[in-house]
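This report concerns only the one structure given below.
The values are calculated or read from the model by the stated rules, or taken from the named source; none is laboratory data. None of these values were measured; they are calculated from a predicted model. Positions of Cβ are generated from backbone atoms using ideal geometry, with glycine treated the same way; all protein chains shown enter the neighbour counts.
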Amino acid sequence: MTSGKHWWLAMAFVCAAMFAGGVFIVIPLRMDMAGFLPRGHDAGSRFLLREVQQGVAGTVIMAGIDNAPEPELARLSMGLRNALAQDRQFVTVANGAFSIEGDEALRRIMFQNRYVLAPDAASRDFRPTSLRQSFGRLLDDLNSESGAPFSGMLLRDPTGAFLDLARSFSPDAYVGFRQGVWFAPEQTERAPRALLLIRTRAAGMDLPHQASAQKAIRGDFMALHPKEARLLLSGPGVFAQASAGGMRHDIDTISAASLLLVIGILYWRFRSLWMLAAIGVPFLLSLGAGMIAVRAVFGYVHGVAFGFGMTMLGVSLDYPVLLVGHRDRGEGPEATLRRIGRSMRIGVATAVLGLTGMMFCGLTGLAQLGVFAAAGLLTAAFVTLYIMPKLIVAADLAPNISGPSRILARMEQWRQARAICLVPVLISVGVIVWYPPAFDVRLTALSPIPDQLRQLDTAFRRDLGVPDASLLVAVSDVSAEGVLERETALEPAVAALRAQGALAGAQSATRLLPAAATQRSRAATLPDPATLKAAVDEARRDLPFRANAFDGFTADVAMARQSPPVIPQDFHNTPLAAALSPLLFERDGRWWGLLLPEDVRDRVAVTRAFENIPNVMVLDFRQEMDGLSAHYLHRTIRWMAVGCILAIAVLVLGLREIRRVARVLGVVMSVIVTMMGAASLAGVPLTLVHLVALQFVLGVTLDYALFFARPQLDDAERARTMRTLLICNAMTVMTFGMLALCHTMVLRHIGATVAPGVLLAMIYGFLLAGERPAIERTNAS
């Protein structure tokens, strides 16, 4: 039953819990990695990031079936294709060479327009000598068993324009074609693997619909009774789903484990549930305030930001723990705050300034972490300074153990040998000088995609002959026809690069749909009906064809001369539309086309061939993303410098004592130098996340050093400071240590940096920041 003196504390805790619960209900978490991606800083990076999040390429799922004999794999491949083809979640499902037999509308369009669409000029060579050669081959085909059933079509297309067109739609892939389906190329070192290309209607970053689509694929596969056969999936949507799942697991684990750890530590220290309720008030309010601040600034809260916020259990709780830990039972709030209030205010200010690099780095995900932490720390400090004192005094809460401690007094004797701290610091300086820390500016260093999935994706792309999307040429214009014309103008450059051996070829929209001007030019080369009939009569002389055998052929050519050019809309609701959409698309009222180089051997030559051409961008995905990461890295360093300068200014103005300022800054420099030296010695390259985590360590180090450097009234006060800082340090190290075990790369980097850094901050702060104790007083204790 709640006593009268605990009534206000109970009400405060209930209100704080309701506030935090209401915030979590109203503000949902966003788990997709699109919400964690940066914004581009130039046209190239903005285009790439937009396509990663919204482009058609993100809807492609590559599937592989292995661990069974080839006939069984072929059965499963065909069964899966047939099942998914009936599902409206999927636009296309391909598991073999490009086929048009199953789509009557596409077959009709291609056959009617074969003479303006076929890429090989030989299929439009209607001179008598050329036609005679074509008729000779046709005669052989008609006399064969395979050609007899198609005699009508063969007579209408003696030059093979339709077959030439169909072959041009098949990519220059290394994929094998056996048992009627695609297989990975035969390699002696691995078992056979059937391959499928699947395109979903949902965008790659649309997590709910991607989850439904991938569940359908796996469900339909299991319905085929695969026995020992295994289904493997890869692609942007699969990556996004796997990342979200790993992130959700990390957040659930962190939330539960951090809560249990902190509750256990605090209960062990204070032996009171009411004490936990009092400390929980500022934490719950700070967590809710952090959520509101992030939502207000960014419009949404990402799951990584919330996961980081949960680790603030070990940091935002420092302030109430310091307040309660320094109070003697029966003491009024003014007396406690008079001793620690100044150090706490300076510590809060420097800790928030220590987040400037994170808040202003420009990367949305990391900036959310910084805003969340800053809002949480400020809220926790405000509640601790202005609300908690009355609650604590009303409930008369204080540590169950207080007063001087012989163990802590003996520990303080270690400060007599504080010069020993110079050893690791000097070693670290030497390591930094001889082996400067390496910086990893690659954005992939922060990728949440597991290595196993990345390797599988690489294997699928190699087997299917999918172009390396890390290098592409983007062409833009106000209309689709304008894009096609620009791509046509680039074909000589592609041919020259192919002749040089710089690349094997390039996929583009004009490969599937020539520009209207090209189609009209081809139509203009077709002979009139009278000329063509004369050429046909001459070519069939002495050959066993009836006089009217090629009437259909001459009629089709005559129609091709008069037909309007084929445009993208003509392929609507056909398989070709799905093949064309990743290569030709509209974005914000402007049309874009992509040239995807195949088997690039000389990236420099390819880049030079297309640069400085109007409305053409050569985009090296890796280079653009690494450049983007480097841009934000430099920005982060600049803001870190600003934050450090401001923190030092606050320190000097707050302490107003050179010796104490020097001791505090000595602790900070020692921690940072030791951390940098350890990273260099371990060969760990520093990423953007490492840097912002180091600045966070800087803020916490300042907090510890300030309390250790605070003038101590007596042995009991020194013991209170040691006890509370040890509790604060244990909570921070353990909660951030949990992050180091996460699958999400960003959280893992933060945890692996902050946990050891905060532990060093405690050791160096204790040894270097506090006054060297007098030997006689220590012995007397």
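Some notes on this structure:
Residue by residue, here is whether (1) over 25 Å from residue 328 (Cα atoms); (2) surrounded by fewer than 20 Cβ atoms within 10 Å (Cβ to Cβ) holds:
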site: 683; (1), (2): yes, yes
site: 689; (1), (2): yes, no
site: 709; (1), (2): no, no
site: 727; (1), (2): no, no
site: 740; (1), (2): yes, yes
site: 744; (1), (2): yes, no
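- Of the residues in the range 319-335, at least one is assigned to a helix (DSSP H, G or I), small (Gly, Ala, Ser) and at pLDDT below 85.
- Qualifying position, being surrounded by 20 or more Cβ atoms within 10 Å (Cβ to Cβ), within 23 Å of residue 224 (Cβ to Cβ) and either of a type in the set (Val, Ile, Thr) or at pLDDT 85 or above (or both), among 123, 77: 77
- Of all residues in the range 466-492, those satisfying the criterion of being under 16 Å from residue 608 (Cβ atoms), out of contact with any Leu (no Cβ under 6 Å at 6 or more places or on another chain) and buried (at least 17 other Cβ atoms within 10 Å of the Cβ) are 471, 490.
- Matching residues, the range 646-674, being free of Cβ contacts under 8 Å to residues at least 12 places away in the same chain, part of a helix (DSSP H, G or I) and either surrounded by 20 or more Cβ atoms within 10 Å (Cβ to Cβ) or not aliphatic (A, V, I, L, M) (or both): 659
- Set side by side, the residues 148, 202, 173, 161 differ, and just one is at pLDDT below 75, small (Gly, Ala, Ser), over 21 Å from residue 71 (Cα atoms) and surrounded by 15 or more Cβ atoms within 10 Å (Cβ to Cβ), which is 173.
- Breaking point among (1) of a type outside the set (Lys, Arg); (2) under 23 Å from residue 499 (Cβ atoms); (3) not in a loop (DSSP other than H, G, I, E, B), for residue 586: (2)
- Condition check for residue 254: in contact with a Gly (Cβ under 8 Å, 6 or more places away or on another chain), within 30 Å of residue 364 (Cβ to Cβ) and in contact (Cβ under 8 Å) with a residue 60 or more places away in the chain: yes
- Among (1) assigned to a loop (DSSP other than H, G, I, E, B); (2) crowded, with 19+ Cβ neighbours inside 10 Å - the single one residue 518 does not satisfy: (1)
- Test: residue in the range 358-375 that is assigned to a helix (DSSP H, G or I) and of a type in the set (Phe, Trp, Tyr): yes
- Any hit, the range 404-415, residues being in a loop (DSSP other than H, G, I, E, B), more than 24 Å from residue 653 (Cα to Cα) and at pLDDT below 75: yes
- In the range 551-573, the residues that are more than 14 Å from residue 124 (Cα to Cα) reach residues that are surrounded by fewer than 13 Cβ atoms within 10 Å (Cβ to Cβ) and modelled with pLDDT under 90 with C-beta atoms within less than 9 angstrom, at least six apart or across chains, in these pairs: 552/152.
- Here the range 521-540 is the region considered, the condition is being part of a loop (DSSP other than H, G, I, E, B) and in contact (Cβ under 8 Å) with a residue 60 or more places away in the chain, and the residue that is farthest from residue 92 (Cα to Cα) is 540.
- Hits in the range 348-370 (condition: more than 15 Å from residue 695 (Cβ to Cβ) and more than 18 Å from the chain's Cα centre (by Cα)): 348
- Candidates 107, 132, filtered to the one that is buried (at least 16 other Cβ atoms within 10 Å of the Cβ), at pLDDT 85 or above and assigned to a helix (DSSP H, G or I): 132
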